[in-house]
1. So what's the net charge close to Ser243: Lys and Arg +1, Asp and Glu -1, counting the other residues with Cβ under 12 Å from its Cβ?
2. In segment 133-204, how does Rg compare with the Kirkwood Rh, expressed as the Rg/Rh ratio over alpha carbon atoms?
3. Please identify which residues in segment 191-217 have an amide N closer than 17 Å to a label point set 7 Å out from the Cα of Asp283, following the Cα→Cβ vector.
4. Return the calculated 222 nm mean residue ellipticity for the chain, to the nearest 500 deg cm²/dmol, obtained by summing -39500 (n - 2.57) across DSSP H runs with n ≥ 4 and dividing by the residue count.
5. Mind checking which lysines have their C-alpha under 25 Å from Lys319, skipping anything on the same chain fewer than 8 residues away?
6. Springs between alpha-carbon atoms under 10 Å, Gaussian network over the chain: tell me which of Ala154, Ala362, Ala168 tops the mean-square fluctuations.
7. How far apart, in nanometres, would the label points at Gln151 and Arg38 be if each is projected 7 angstrom from Cα along the Cα-to-Cβ direction?
8. Using a cut-off of under 19 Å, list every residue of segment 87-108 whose amide N is near the label point 7 Å from the Cα of Glu200 along the Cα-to-beta-carbon line.
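Every number in this text was worked out from the coordinates using simple rules, so none of it is lab data. None of the values given here were measured: they were computed from a predicted structure. FYI the Cβ positions are ideal-geometry reconstructions off the backbone, even for glycines, and counts take in every protein chain you see.
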Amino acid sequence: MARIDTNSLATIEFVVHWNDGYGCHEDYYLARRVNLWRDIFPPLLLEKLNGSKEGDIISIDYSPGEIVPGYDGALVREISYRNFSCRDFGDIELSPEKGRFLPKGMLRGINGVYPQTTAPFRVLEKGRDSFVADLNHPFAQYGATIEARIQNVAPKDSDTGGRLFHWAEEICNYGPGMQVPLPDCFTDYVCEAFFGRSDENCDSNFYQSPRLVGHVDGQASENLKNIYSSRLKPRMKVLDLMSSVNSHLPKRVDLEVTGLGLNMDELRSNPLLAHRIVHDLNDEPDIPLDDVSFDVAVCSLSIEYLTRPLEVLRSVYDKLRPGGTLMVGVSNRWFPTKVTNGWLTLHEYERMGYIRQLAREAGFNADWGTVSMRNDWRPVTDRHFVATRGISDPVYVVWCRK
C-alpha cells in the first residue's frame, strides 16, 4: 500500500475538534492534492503525515496560537466611524453592530488593510463617535485537536504547476471561531429590513405547485444525514420542520417522522414521513400539534425563509420533550426570492451563531454545538459538477438541547 512522502499526492479529510467553553464544535475540510514537498502544515503534522498510508488517522493537540497566530491585545483598537466605510447590501446597510464580523476592507487607516481585504474583524463595543474592533483571527483564542484522516495516496507526475497550500489557513481562515457569541451578550444581527424578502407574497402561493427538487447535491445531503445520525436513536419521534421531498434523515435508523411543509404533494413524495401536515409557519408560527411531543426536531435548508424564526423556535421548544434536541442544518443554496435579506448579509459561519442565538432566546440552554463540512466531492453525475469544479455544497449544523 502506497505511503505519503515527498513524491506523492494525498487526499486528506481534516477535522478540527474544539470547545469554546460553552459548546463543542467540529469542522471538516477535505484537502485534495496534499503535497508534502511544497505545502505548509501546522506544527508536527508534516512529520506525522510522512510515511502514513490510506486509512490512517493522525491526531495532534494544539494550544491557542499554534494553528493560527495567537491573540494579541494590541490588535483590539478603537476606531472612529469616520474610518469605517459603510456598504449597502440590498436593502441593508452593513454597519459596525456589536458582536458582528465584518470584512477588514471596510476599515480605513490601518496598516496592511486594503479595501479588498476580506479577512474579518469583530465589533466588541459601540460608542457615539467610535467603536472597538478586534482585528485578531477569529480562532486566535482557541486550542484544538486536529485529525488528519488519510483517504487516498497517489504518485505525483512532477513538482511543476499547481499551487502551494497553507493548510491551517485553508481549514481555519474565514470560518471556525465566527460562530461563537461574545460572552454574556447578544449579537445585534437583526435590523429593520432583516426579514424583508424580494417576494413578499404569501409562501403558500409560492408552493402552490409542488417543487420536487433538492436544494443541495447528493453528497451534501449525505453529509447532513451523517451529522444528524449522531444524535438519533431507533424509535425516536422526529419533527421534520419545513419538510419537503427529502428529509435528509438516515433510512437505516427506525424513526417516526412527522413532516410539516407547504405542499402535500411534496410531503407525499417523501417516503420517510409517517405523518404529514401542511402549514405556513410565516403566516402562523405556532405548530398546529396538540398533545404531541417529540424527541428531536430538525429544520433542514429552510430556516433562512422564516420571517418570525424566534416565534417558530419557541413553538418547537414547547413541542419537544425535556432533553429533546433541535438540529438546524443550512447550506448556501436557497430560493433567492424567498430568502430573508438579513440572511444574505451574514457570513456562512456567522449564520451558525445567529441560529444558536435564536435557539437560546427560544429557551434552548442545556448545551450546544456546531458541525461544518466543506470542500467534499460533488457526485460526478450532478449537473452542476463542472460549474462547481466538483466541490459539494457546504453544510453547517447547529444542535442544542431543551
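1. Details: positive: Arg268, Arg276; negative: Asp240, Glu266.
Local charge sum for Ser243: 0.
2. Values: Rg = 20.9 Å, Rh = 17.9 Å.
A ratio of 1.17.
3. Correct set: 200-211.
4. On the way: 8 runs with 63 residues, N = 402.
Helix contribution divided over all residues of the chain: -4000 deg cm²/dmol.
5. Partners within reach: Lys225, Lys233, Lys237, Lys251, Lys402.
6. Ala154
7. Between Gln151 and Arg38, the label points sit 2.0 nm apart.
8. 89-93
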